[in-house]
Amino acid sequence: MMFLGIAAVSYVLYKRGDDFQTAITFLAGYILMMILVFAGTSYFQLTSSIKRNKWVVGDHCFIVDDAAICEQAGSLETRVKWNGVRKLSVGEDHAFFYYAPNTAFIVPKRAFTDESDFNRFVQDCVSRLPENTLNPRLDHAHR
C-alpha cells in the first residue's frame with residue numbers, strides 16, 4: 001500500500017509540475033502519515049488480541065498435587081500427570097516443566113517469597129517425578 005501510494009503521489013506531483021522541494025515535502029508527509037497509520041493499527045490489533053487471549057498474559061495459578069501438575073489461566077486449565085512430565089529443568093530465574101517437546105509450564109522464581117521457597121518447591125516436584133526426567137545438572141544438585 002505504501003509503495004502504491006508513493007507512486008500515486010509522485011505521479012500527481014509530476015503531472016502538476018511541482019518543483020522538487022515541494023514533491024519531496026509531500027512524499028515525506030505521505031510516508032510519515034503511513035507510518036503513523038501502521039503504528040496505530042498495529043497497536044489496536046495487539047491490544048485487542050491481548051484482551052481476547054487473557055489466558056496468555058493474565059494471572060496464572062500453578063497447582064501441584066500427588067497426581068499431577070495443573071496450570072489455570074482464566075477459563076483455560078492444563079493438567080498433566082507426573083508421568084507425563086518429560087523433563088524438569090531449572091534455570092537462573094525459572095523452572096521449566098516440559099510435557100511436550102517444545103511446550104512447558106514455566107514457573108518464575110519471583111512467584112515465591114524467597115529463593116529457599118522456590119528451591120523447596122523444586123525439590124518437592126523432583127520427588128514426584130519418574131526416573132530419567134531431570135536434566136543432569138538438576139539431578140546432581142537436588143538429589
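The values are calculated or read from the model by the stated rules, or taken from the named source; none is laboratory data. If you're wondering where the values come from, they're calculated on a predicted model, not measured in any experiment. Note: ideal-geometry Cβ built from the backbone for every residue, glycine included; neighbour counts use all protein chains shown.
What do you reckon, is LYS87 modelled with pLDDT of 90 or more and surrounded by 16 or more Cβ atoms within 10 Å (Cβ to Cβ)? Considered against the rule, which asks whether it is modelled with pLDDT of 90 or more and surrounded by 16 or more Cβ atoms within 10 Å (Cβ to Cβ), LYS87 comes out as no. Based on this model, can you work out whether LYS87 counts as closer than 22 Å to GLU131 by Cβ and either touching a Phe, Trp or Tyr at 6+ places or on another chain (Cβ under 9 Å) or of a type in the set (A, V, I, L, M) (or both)? Judged against the criteria, LYS87 is a match.
Residues of segment 40-84 that are modelled with pLDDT under 90 and basic (Lys, Arg): LYS51, ARG52, LYS54.
Counted as qualifying within segment 29-118 are the strands (runs of 3 or more DSSP E) with 2 or more residues that are under 19 Å from the mean Cα position of the chain (by Cα) and of a type in the set (Gly, Ala, Ser), namely 94-100. Of the numbered criteria (1) at pLDDT 90 or above; (2) surrounded by 12 or more Cβ atoms within 10 Å (Cβ to Cβ), the one ASP114 fails is (2).
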